[in-house]
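Here's the structure, in structure tokens; my notes come after.
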Amino acid sequence: MEQAGAHVWRLQGAQRHEGIAAYCLEHRIDYGYVEPGRRLADFGLLVMDMDSTLISIECIDEIADMQGLKPQVAAITESAMRGEIDFAESLRRRVALLEGLEEGALQRVYDERLKLNPGAETMLAAMKKRDIKTLLVSGGFVFFTERLKQRVGLDFTRANTLEIVNGRLTGKVLGRILDAQGKAEALLQVRDELGLGPDQVIAMGDGANDLKMMAHAGVSVAYHAKPVVRAQASYALNFVGLDGLANLFA
């Protein structure tokens, strides 16, 4: 066993054991079986969800709070993340509730409420050091993804655009909604542009809307995710911050 960080240990030659998952969950430990010789530098692209993954909030819920509608919108958000409602339909329903809200509310959410999740800057620095490109792909909104792109130096972003007329939200989304399929297509497009293979891609998310894009990645990571996502991901980070991704690989 070797210590790879203040709270990171690597056990060489570890064998899989059926009891490890329950033990680690009980003791609030994150773990993962990593192929021998697998290095972070083997990858060329990290694809991330935004809300509740790179950042700590669900932007649309906080926008709704400006209208006094957070409970109603948050309930739809949760149902969609669990996979109980089609994402595109859930987004239309949530955005419709925002009709009439002043555009300035978006900036207030960004300035006052949007925070990076713990370990985000460490994780992104590790990617940049190894020239791993970053794609932020979100069922949320361009207003936030573009600001985050500049703030933390992301390479690519994809998201939805809210319709705004005379300084107020109309309650509609412009163009095709970027849903689960749209996220997967964004991953494939950027991956092909970079000339990478599936094994060179990491995809990270927390909700059912992320599963299609995660299925196209050589490594998928469930970050503080819903059970349906944890069950299908290569690795689950339930307790540590985003820097846990870099710590998985030597």
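The values are calculated or read from the model by the stated rules, or taken from the named source; none is laboratory data. Everything numeric here is computed off the predicted structure, so don't read it as measured data. No Cβ is skipped: glycine too gets one built from the backbone with ideal geometry, and neighbour counts run over all protein chains shown.
Can you name the residue in the range 8-41 that is among the aliphatic types (A, V, I, L, M), assigned to a loop (DSSP other than H, G, I, E, B) and under 25 Å from the mean Cα position of the chain (by Cα) and, of all such residues, is modelled with the highest pLDDT?
Ile29
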Of all residues making up the range 231-250, the number that are free of Cβ contacts under 8 Å to residues at least 40 places away in the same chain and surrounded by 19 or more Cβ atoms within 10 Å (Cβ to Cβ): 1
Hey, Leu124 assigned to a loop (DSSP other than H, G, I, E, B) and touching a residue at least 24 places away in the same chain (Cβ under 8 Å) or not: no
Test: residue in the range 64-80 that is touching an Asp or Glu at 6+ places or on another chain (Cβ under 6 Å) and at pLDDT below 90: yes
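Out of Ser90, Ser138, which single residue is of a type in the set (S, T, N, Q), under 26 Å from Ala180 (Cβ atoms), crowded, with 21+ Cβ neighbours inside 10 Å and touching a residue at least 24 places away in the same chain (Cβ under 8 Å)? Talk me through it step by step, then tell me what you get.
On the way: Ser90 fails: touching a residue at least 24 places away in the same chain (Cβ under 8 Å).
Within the list Ser90, Ser138, the selection yields Ser138.
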Selected residue [surrounded by fewer than 22 Cβ atoms within 10 Å (Cβ to Cβ) and over 22 Å from Ser234 (Cβ atoms)] from Gly171, Gly197: Gly171
Residue under evaluation Gln150, criteria (1) assigned to a helix (DSSP H, G or I); (2) touching a residue at least 60 places away in the same chain (Cβ under 8 Å), criterion not met: (2)
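Would you pick out the residues in the range 127-147 that are over 13 Å from the mean Cα position of the chain (by Cα) and either part of a strand (DSSP E or B) or under 14 Å from Val47 (Cβ atoms) (or both)?
Step one: list which residues in the range 127-147 are over 13 Å from the mean Cα position of the chain (by Cα), which gives 127-133, 141-144, 146-147.
Once the filter is applied, which keeps residues that are over 13 Å from the mean Cα position of the chain (by Cα) and either part of a strand (DSSP E or B) or under 14 Å from Val47 (Cβ atoms) (or both), the range 127-147 yields Met127, Ile132, Lys133, Phe141.
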